[in-house]
2 protein chains.
Amino acid sequence: MKNRVKRYILPEQDVPTQWYNIVADMKTKPMLPLNPATKQPLTAADLYPLFARELADQEMNEKDAFIDIPDEVRELYKNYRCTPLVRAYELEEALGTPAHIYFKNESVSPIGSHKINSAIPQAYYCKKEGITNITTETGAGQWGAALSYAASAFDLELAVYMVKISYEQKPYRRSIMQTFGAQVIPSPSMSTKAGRKVLTNTPNSSGSLGIAISEAVELAMNTENCKYTLGSVLNHVTLHQTVIGLEAIKQMEMTGEYPDVVIGCFGGGSNFGGISFPFMRNNIKNGYKTRFVAAEPASCPKLTKGVFQYDFGDEAGYTPLLPMFTLGHNFSPANIHAGGLRYHGAGVIASQLLKDKMMEAVDIPQLESFEAGCLFARAEGIVPAPESNHAIAAAIREANACKESGEKKVILFNLSGHGLIDMASYDRYLTGDLTNHFMSDDDIAKNIEKIEKFV
Amino acid sequence: MKNRVKRYILPEQDVPTQWYNIVADMKTKPMLPLNPATKQPLTAADLYPLFARELADQEMNEKDAFIDIPDEVRELYKNYRCTPLVRAYELEEALGTPAHIYFKNESVSPIGSHKINSAIPQAYYCKKEGITNITTETGAGQWGAALSYAASAFDLELAVYMVKISYEQKPYRRSIMQTFGAQVIPSPSMSTKAGRKVLTNTPNSSGSLGIAISEAVELAMNTENCKYTLGSVLNHVTLHQTVIGLEAIKQMEMTGEYPDVVIGCFGGGSNFGGISFPFMRNNIKNGYKTRFVAAEPASCPKLTKGVFQYDFGDEAGYTPLLPMFTLGHNFSPANIHAGGLRYHGAGVIASQLLKDKMMEAVDIPQLESFEAGCLFARAEGIVPAPESNHAIAAAIREANACKESGEKKVILFNLSGHGLIDMASYDRYLTGDLTNHFMSDDDIAKNIEKIEKFV
């Protein structure tokens with residue numbers, strides 16, 4: 001054990017200078033988003049009213065495999081990047097597996113998760129284009145906290161619609177946003193038409209990401225010099241997250257190994273894509289056979305049990321129609337503790353890749369996710385975010401399979417964030433107060449039937 | 001700004017191989033602790049019943065300036081060390097100061113603070129000596145959380161007495177300890193004579209570090225194969241923390257600058273000593289003129305307004321008598337939010353150094369500390385622990401003085417931890433719900449008069 005290397009560290013100058021846009025390399029391109037009124041494919045220009053132009057252009061870019069990272073963004077990345085790649089020796093020993101387990105540790109960012117990787121460029125481009133106000137929504141609060149920091153760094157006014165149940169259950173994340181100067185509104189709220197409609201029908205609604213998106217979009221559309229921003233799902237968000245995988249490729253080279261399996265938890269798909277797509281490039285271009293596994297919660301099984309179909313990204317139907325694996329945009333997921341994974345649809349790129357069998361998906365029950373998280377914490381000393389626990393659980397399944405087969409696979413997963421602000425959830429797990437939530441096939445079928453057929 | 005270096009990173013092999021014991025280099029050695037019954041100076045052997053032998057030997061070591069770090073400890077240090085040294089460009093810009101501000105970022109440790117630097121070796125030596133159970137106390141919970149991780153890593157049973165007000169106000173830290181498998185008891189409790197006595201006299205006592213220490217010591221003395229551990233104050237704890245300053249010296253070399261001022265917040269003195277003592281060696285040995293500033297809360301001003309005198313380390317008087325700056329071991333500090341700084345006495349080494357004018361002290365009002373923390377958070381993106389805010393406030397005072405004088409001083413402070421689990425405190429600050437707490441000179445004098453004169 002003496003002198004074995006545990007953490008592979010890259011110097012600051014190795015912070016990537018470009019993001020990787022996998023769409024340019026995909027043999028089957030994702031289908032285009034549609035304008036819900038006309039059913040016509042969208043152009044980047046159609047998105048300009050909603051997003052900063054540069055972000056809209058990135059969203060629709062099918063041409064450039066690599067896109068330059070602006071110096072100002074790279075400068076703020078250097079506050080916490082490159083993040084370490086870690087060999088999880090202690091976890092391997094606890095499992096007794098012959099597999100080699102690595103994780104990319106995004107929990108060391110100042111806000112405690114990968115979300116900041118996209119918050120910084122989104123705020124930067126808005127500022128650069130003269131925008132003064134931005135809006136967004138947040139579930140568990142990881143995205144809202146990250147964007148609050150970025151908005152403060154670029155001197156933008158930020159309004160965050162926070163899903164009401166999280167606003168009440170996760171006051172620490174709300175306070176982080178307020179410390180950075182953001183305005184935080186529990187959603188559904190009376191401040192928007194979309195919120196008022198929900199409250200009229202369901203006065204006690206505890207909110208959902210879909211509703212909060214509707215509110216944030218509505219406010220952006222009705223405020224001068226204001227744009228909307230989103231923390232996952234969209235192509236440009238995943239693009240920004242590829243700094244994770246681009247660094248990890250270099251760091252895996254330092255280990256002398258290459259991953260047989262790459263794993264990420266899956267809400268909208270941005271952290272999964274961030275770690276996976278740079279490695280997937282080697283599958284597309286160089287015939288590598290690495291497997292890519294998205295780990296979703298069993299209570300919200302859009303990848304394993306959803307349908308591939310055009311659907312809205314939000315509850316009220318304000319967004320373009322996106323071709324994605326979905327459980328229906330009106331789906332209300334169970335109140336599981338991995339708030340960041342409670343979303344009805346999957347990003348467009350990941351949906352196409354799953355359809356084309358370039359990646360796989362597994363669904364993880366809530367109790368298995370926390371069991372994995374506690375084992376990891378005791379072994380490696382880091383309490384993971386409830387979302388990240390799904391990736392850990394999937395990695396443990398792979399490592400246990402190696403124990404049975406005797407294979408020495410190399411497993412890489414993304415530790416998307418730490419759970420230090422989610423201890424109330426661990427508390428409930430440790431006191432036996434948590435249960436599993438599953439959707440019956442009947443309920444899924446009923447929900448999917450409700451999705452309007454647009455095409 | 002392009003390509004300027006912000007974070008100075010050392011490779012894993014630069015994790016120190018030895019700790020620095022400043023006592024060996026001090027011209028005036030600290031006076032020895034006394035046995036309260038006999039008033040005779042203690043030997044290391046007198047401490048063996050309470051502490052692991054190796055730790056007791058380190059506590060009394062006046063001879064060796066450098067002490068080897070065991071491989072097993074260094075291996076766990078490598079999970080998060082070396083920690084970054086950061087140039088706080090954004091903070092400098094926000095202040096408009098010509099000073100160069102650096103901070104050592106201990107908040108990146110898995111538990112979020114420097115405490116883990118001593119938790120790991122303390123647990124290691126206990127394990128090595130065949131001890132199966134350990135006890136400790138914790139205030140805000142930073143030390144308890146770090147030791148819980150270390151106890152889990154070395155497979156020791158741990159009982160933590162947590163100051164009752166923190167147990168109730170900081171449930172997240174309690175949950176972290178429980179996630180690592182520790183038993184957490186609110187103090188004062190009925191489980192010890194010391195606790196029962198307090199509860200009899202003051203049934204609604206919200207506890208104090210002094211009481212919790214008494215309880216943890218009593219349990220250790222009455223349990224088979226059990227030792228007591230402490231997270232600050234003692235020489236061996238500060239010894240372990242010198243990894244901070246030893247790394248920082250190498251990292252300052254990388255910057256091409258050397259600090260004119262080194263600053264740490266001050267509770268018992270271990271993080272302050274950890275960053276300061278390796279630099280102070282250059283003052284002692286090589287005639288350097290660096291200033292060392294301890295930043296304590298104005299509500300608990302032992303360094304700036306206390307008396308240098310033999311006093312107990314705990315409320316019940318179980319510990320040896322220590323020669324230190326103290327406000328009296330029965331002093332109950334105000335319920336400020338920097339729970340880790342609410343302690344009546346200063347470590348023996350720092351007390352002697354202050355007496356000898358080798359270091360200075362400043363006291364920071366609570367509101368100034370949070371104002372500094374919020375400014376730092378918005379500039380650097382890291383929400384600091386309420387304790388660390390005191391160091392930041394002192395650094396800002398120095399930087400503002402440079403702005404007035406036009407001096408380009410080099411300021412280095414230790415960011416001992418992040419505040420992500422202390423957001424309730426920020427919440428109260430942001431809503432205007434916090435006040436300053438000061439002790440009047442009369443109250444201080446009355447309190448100090450109560451200290452028994454032992455010598």
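The values are calculated or read from the model by the stated rules, or taken from the named source; none is laboratory data. Computed from a predicted structure; not experimentally measured. When we count neighbours, we look across all protein chains shown, and the Cβ atoms used for this are built from the backbone with ideal geometry, even at glycine. Just the protein is used for accessible areas: all its heavy atoms, side chains included, with ligands, DNA and RNA removed. Shrake-Rupley method; radii C 1.70, N 1.55, O 1.52, S 1.80 Å.
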Within the bounds of the range A:84-98, is there any residue that is surrounded by 16 or more Cβ atoms within 10 Å (Cβ to Cβ), assigned to a loop (DSSP other than H, G, I, E, B) and within 11 Å of chain B (Cβ to nearest Cβ)?
yes
Could you please tell me which pairs satisfy a Cβ distance under 6 Å, a separation of 6+ or placement on different chains, a first residue in the range B:322-346 that is in the same structural domain as B:ASP356 (by TED's automatic domain parsing), and a second residue that is of a type in the set (D, E, K, R) and in a loop (DSSP other than H, G, I, E, B)?
B:GLY328/B:LYS450; B:PRO333/B:ARG342
Among (1) within 14 Å of chain B (Cβ to nearest Cβ); (2) open to solvent by less than 40 Å² (accessible area, probe 1.4 Å); (3) over 23 Å from the mean Cα position of the chain (by Cα), where does A:ILE111 come up short?
(3)
Filter the range A:371-391 down to residues that are in a helix (DSSP H, G or I) and within 14 Å of chain B (Cβ to nearest Cβ), then give me how many there are.
12
Criterion violated by A:GLU75 - all others in (1) at pLDDT below 95; (2) within 16 Å of A:ALA150 (Cα to Cα); (3) assigned to a loop (DSSP other than H, G, I, E, B) satisfied
(3)
Scan the range A:342-359 and tell me whether some residue there is touching a helix residue (DSSP H, G or I) at 6+ places or on another chain (Cβ under 9 Å) and in a strand (DSSP E or B).
yes
Selection from the range B:1-50 of residues that are at pLDDT 95 or above, open to solvent by 70 Å² or more (accessible area, probe 1.4 Å) and within 14 Å of chain A (Cβ to nearest Cβ)
B:THR17
The condition of being open to solvent by less than 10 Å² (accessible area, probe 1.4 Å) and basic (Lys, Arg) holds, among A:LYS302, A:LYS285, A:LYS289, only for A:LYS302
I'd like to verify a number: residues in the range A:51-83 that are hydrophobic (A, V, I, L, M, F, W, C), within 28 Å of A:GLU224 (Cα to Cα) and open to solvent by 20 Å² or more (accessible area, probe 1.4 Å), how many?
1
Residue tally, condition at pLDDT 95 or above and closer than 18 Å to A:VAL383 by Cβ, over the range B:153-173
3
Residue that is nearest to the other protein chains (Cβ to nearest Cβ), among those in the range A:55-74 that are in contact with a Phe, Trp or Tyr (Cβ under 9 Å, 6 or more places away or on another chain) and within 30 Å of B:ALA88 (Cα to Cα):
A:GLU72
Only residues that are in contact with a helix residue (DSSP H, G or I) (Cβ under 6 Å, 6 or more places away or on another chain) and within 14 Å of chain B (Cβ to nearest Cβ): list them for the range A:412-454, please.
A:LEU415, A:GLY417, A:HIS418, A:ILE421, A:MET423, A:TYR426, A:ASP427, A:TYR429, A:LEU430, A:LEU434
Residues of the range A:240-256 being open to solvent by 10 Å² or more (accessible area, probe 1.4 Å) and either within 17 Å of A:PHE292 (Cβ to Cβ) or not in a loop (DSSP other than H, G, I, E, B) (or both), which ones?
A:LEU246, A:ILE249, A:LYS250, A:GLU253, A:MET254, A:THR255
Among the residues of the range B:156-175 satisfying the criterion of being more than 10 Å from chain A (Cβ to nearest Cβ) and among the charged types (D, E, K, R), which is nearest to the chain's Cα centre (by Cα)?
B:LYS164
Would you point out which residue out of A:PHE272, A:PHE279, A:PHE292 is in a strand (DSSP E or B) and in contact with a strand residue (DSSP E or B) (Cβ under 6 Å, 6 or more places away or on another chain)?
A:PHE292
